[in-house]
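This report refers to the structure that appears directly beneath it.
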Amino acid sequence: MRIAIVDDDPIVCQSLETILTATGAAEALWTANDGDDAVARYFASPGTRPDVLLIDIQMPGRDGLDAAREILERDPAARILFLTTFADRAYITQAMALGAKGYLIKQDVTAVGPALQAVMAGQVVLGSDVLGKLTGDDGDGRAAAPADGPVSPTKRRRASAAGSMRGHGASSADAAALESMLNEREREVAALVAEGFDNRDIAKRLCFSEGTVRNRVSSALDKLGLTNRTQLAILWINAHR
């Protein structure tokens, strides 16, 4: 597997390259320290396009999100895996909405190799800390109870069903299970939520009122045992890749 590493800290780039090469997990084609250099190197020639691009979020000049956006616009088949210290929900949702193949937090470097293998296998990889930020899980796979009281038995069953489809990628069977829980209109709305559209845009696209869109989002969340549209977007993305 050939990879490229983009991080504003040269020591991080060198360390990752050394570890991944030594363990046989990957071969580093090149490294870059900012978004502009990453885009330039990626498109320099067909031979410089890695199987997976590991990229940080915040860097001087052009950041990782903007660089990833251009790369994916010009090469939709690009596999981009974010590796950063920032477990910010806004960053995570932006990264996944762009079409990234995963988002990891820089904590355990040994997890990077398996994550790269998972991305090559067609999976979407989200670190446990990332999933916790997006879903409110308490870290052991159980859905956390909302602040206003315990989860009802019905909602707990739904959360368990939805939780079984989260994780590091999802199969076609997962997509079928998710879609079986929603009606056609709810699926249409969920798909657009996953693309990052707000209620107004969704209403225009589907010729609904904004009130109808809100109701369908709420209905989908209730059926899946989720609490917000970000969770819905991530669940839908994982199930349809």
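The values are calculated or read from the model by the stated rules, or taken from the named source; none is laboratory data. Not measured: the values here are computed from a predicted model. Note: ideal-geometry Cβ built from the backbone for every residue, glycine included; neighbour counts use all protein chains shown. Ligands, DNA and RNA are excluded from the accessible area calculation, which covers all protein heavy atoms including side chains. Shrake-Rupley method; radii C 1.70, N 1.55, O 1.52, S 1.80 Å.
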- [ ] Check off (1) of a type in the set (Val, Ile, Thr); (2) under 23 Å from residue 118 (Cβ atoms); (3) part of a helix (DSSP H, G or I) for residue 57 and give me the number that stays unchecked.
- [x] (3)
Task: Number of the condition not met by residue 86 [criteria: (1) farther than 22 Å from residue 130 by Cα; (2) open to solvent by 60 Å² or more (accessible area, probe 1.4 Å); (3) of a type outside the set (D, E, K, R); (4) without any contact (Cβ under 8 Å) to a residue 60 or more places away in the chain] - done: (1)
Task: Candidates 105, 92 - the one that is farther than 23 Å from residue 14 by Cα and either touching a residue at least 60 places away in the same chain (Cβ under 8 Å) or crowded, with 18+ Cβ neighbours inside 10 Å (or both) - done: 92
TODO: Check whether at least one residue in the range 13-22 is under 24 Å from residue 128 (Cα atoms) and in a loop (DSSP other than H, G, I, E, B), and report yes or no.
DONE: no
Open item on the list: I'd like to check something: does the range 62-69 contain any residue that is touching a residue at least 60 places away in the same chain (Cβ under 8 Å), under 18 Å from residue 102 (Cβ atoms), touching a Leu at 6+ places or on another chain (Cβ under 7 Å) and open to solvent by less than 70 Å² (accessible area, probe 1.4 Å)?
Closed with: no
Open item on the list: Among the listed residues 131, 126, 104, identify the single one that is touching a Phe, Trp or Tyr at 6+ places or on another chain (Cβ under 8 Å) and modelled with pLDDT under 85.
Closed with: 126
- [ ] Looking for whichever is at pLDDT 80 or above, among the hydrophobic types (A, V, I, L, M, F, W, C), open to solvent by 40 Å² or more (accessible area, probe 1.4 Å) and within 12 Å of the chain's Cα centre (by Cα) here; the options are 111, 121, 97. Which one fits?
- [x] 97
TODO: Considering each residue of the range 29-55, count those that are farther than 15 Å from residue 84 by Cβ and open to solvent by 20 Å² or more (accessible area, probe 1.4 Å), and give that number.
DONE: 15
